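**Student:** Provided herewith is a single structure, encoded as C-alpha cells, for subsequent inquiry.
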Amino acid sequence: MAVILSSNSPPFLSSFFVKPLSLVKSSYKKQPQFPQILRKPSNPLLFTRAMRAVVQRVTSASVEVEGKIVSEIGPGLLVLIGVHDSDSDADSNYICRKVLNMRLFPNENTGKAWDQSVMQKNYEVLLVSQFTLCGTLKGNKPDFHVAMPPERSKPFYESLVEKFRKSYNPDSIKGSSYLQLMRKVQLLLLV
C-alpha cells in the first residue's frame, strides 16, 4: 500500500489520491463500453501545486548509485519526495509532521492493524528526492517545469531531511544522495 500526500490537498481528497482508478471515466449509456482515461482532470485541485510524498511501508529499503549502496534502512518507511517550485517551509513542515505521525503499523498489544506511527515503532525513514512526482503530461510527453529547479531544490531537500532528523531520532532518518543518477531503488515490502 502506498499513500500519496500533497501539502495543499484538502482532507477529503486523501482517499481520492490513493485510488488512481478514480481518474477513469466510464459511460453507462451503451453496453459494453470500456472506461476511458480523462485527458485533463475536471477538478483543478488534482494538478500538482505543492510538495508531494509517496509513502511506502518496507521491511528494508536501499538506494544504489553506480553499484554502491548510498543509503539503506531496515523496517520503516520509504518516502519519495517531489518538491514543487512554489514550496515553502510550511509545506515541508506539513509533510514532515504527516509522515512521522501517520498510523501505518499494527499494534501488537491491542491487535489493531493501523494503530502506530513510525516513531512509536522506533522504525527508520528513508527520504528519496524524486522530481518526477511533480510531473504532468503534455500530450504523450512528460513535463517537469513545475518541479523546483536543481539549484534551489538541493538545499530545500537537505533542509527537509534536517527537519525530519530534528523531529525524530537523527540516526533513524536517512537521506539519499541528491541529483545522482539512481540505478536502483531496492525495497522489501511489509506484508
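**Student:** By count of other Cβ within 10 Å, fewest leading, how are MET51, MET148, MET119 ordered?
**Tutor:** Fewest-to-most Cβ neighbours within 10 Å comes out as MET119, MET148, MET51.
**Student:** Summing +1 for each Lys or Arg and -1 for each Asp or Glu, what net charge is found among the other residues whose Cβ lies under 14 Å from the Cβ of TYR168?
**Tutor:** With Lys, Arg at +1 and Asp, Glu at -1, the neighbours total +4.
**Student:** Could you list which residues have their amide H under 5 Å from that of HIS84, counting only those 5 or more apart in sequence or on another chain, with H placed in the peptide plane?
**Tutor:** Residues meeting the amide H criterion: MET51, ARG52, MET148.
**Student:** Kindly put VAL70, VAL83 in sequence by how many other C-beta atoms sit within 10 Å of each C-beta, fewest to most.
**Tutor:** Taking fewest neighbouring Cβ atoms as first place, the list is VAL70, VAL83.
**Student:** Taking the mean number of other Cβ atoms within 10 Å as a proxy for protection, how do you rank 99-105, 73-79, 163-169 from highest to lowest?
**Tutor:** Per-residue mean Cβ counts within 10 Å order the peptides as 73-79, 99-105, 163-169.
**Student:** Under 8 Å for C-alpha pairs, at least 6 residues apart: give me the relative contact order for segment 60-133, rounded to a whole percent.
**Tutor:** Value for segment 60-133: 38 percent.
**Student:** May I ask you to list the residues of segment 103-130 whose amide nitrogen lies under 13 Å from a point 7 Å from Cα along the Cα→beta-carbon direction of ASP171?
**Tutor:** The answer is 123-124, whose backbone nitrogens lie closer than 13 Å to the label point.
**Student:** Sorted from fewest to most neighbouring beta carbons within 10 Å, what does the list ASP87, ASP171 look like?
**Tutor:** Exposure proxy ranking, most exposed first: ASP171, ASP87.
**Student:** Short version: ³J(HN,Hα) in whole Hz for each residue of segment 63-77, in order, from phi by Karplus 6.51 cos²θ - 1.76 cosθ + 1.60 (θ = phi - 60°), x for Gly and Pro, what are they?
**Tutor:** Result, ordered by residue: 10, 10, 10, 6, x, 10, 7, 8, 7, 7, 9, x, x, x, 10 Hz.
Laboratory data are not the source of any read-out in this text; all were calculated from the coordinates shown. These figures come from a predicted structure and were not determined experimentally. Glycine gets a Cβ as well: all are built from the backbone with ideal geometry, and neighbour counts include every protein chain shown.
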